[in-house]
1. Would you please name the residue that is nearest to the chain's Cα centre (by Cα), looking only at residues in segment 4-20 that are at pLDDT 90 or above and not β-branched (Val, Ile, Thr)?
2. Restricting attention to segment 22-44, report how many residues are loosely packed, with under 14 Cβ neighbours inside 10 Å and within 8 Å of the chain's Cα centre (by Cα).
3. Pick from segment 1-58 the residues that are part of a strand (DSSP E or B) and touching a Ser or Thr at 6+ places or on another chain (Cβ under 6 Å): which of them is farthest from residue 70 (Cα to Cα)?
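The values are calculated or read from the model by the stated rules, or taken from the named source; none is laboratory data. On a predicted model such as this, the values are computed, not experimentally measured, just so you know. Counting neighbours? That spans all protein chains shown, and the Cβs are built from the backbone with ideal geometry, glycine included.
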Amino acid sequence: MPLPLPTTRFEYYRICQRTVHFDGYIEADSAYYSAPPRWVGRKVIVRIRRLWLRIRDPTRHECIREFCHQKRAAAHQRRRSLQTDAAASGKVAARIAGAGPGCGAFARRLCRGARCPCNARAL
């Protein structure tokens, strides 16, 4: 005798490969999702379902991050989230500058390129 049918339907998911951009985000379905900083510049596997999205390690197939599906994000929304991260990058730049004179020059350059809210001359 056959088993009864499941109460929920089987849901498919799409598998994509994405590269984590320099700002730490990937783009999937016109929305942006953050990945851990160590993945910048590397390729990841993205599984997209109707309600969630998972970023996976391509070699170990472990889940790196999981998100609820987001609405399509405009570029200005992404910029706004990056501006909130600028304060944190200012603190990191200040720590880099304390490591030595060569690191101080690097931190000043980093701050100028990222429109950092910290005073780049003070570094």
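1. Going through the qualifying residues, I end up with 18.
2. Qualifying residue count for the region: 2.
3. Kept after step one, since they are part of a strand (DSSP E or B), are these residues of segment 1-58: 14-19, 25-28, 31-34, 43-48, 52-56.
Okay, now just the ones that are also touching a Ser or Thr at 6+ places or on another chain (Cβ under 6 Å), so 25, 43.
Values: 25: 14, 43: 21 Å.
Per the stated criteria, the residue is 43.
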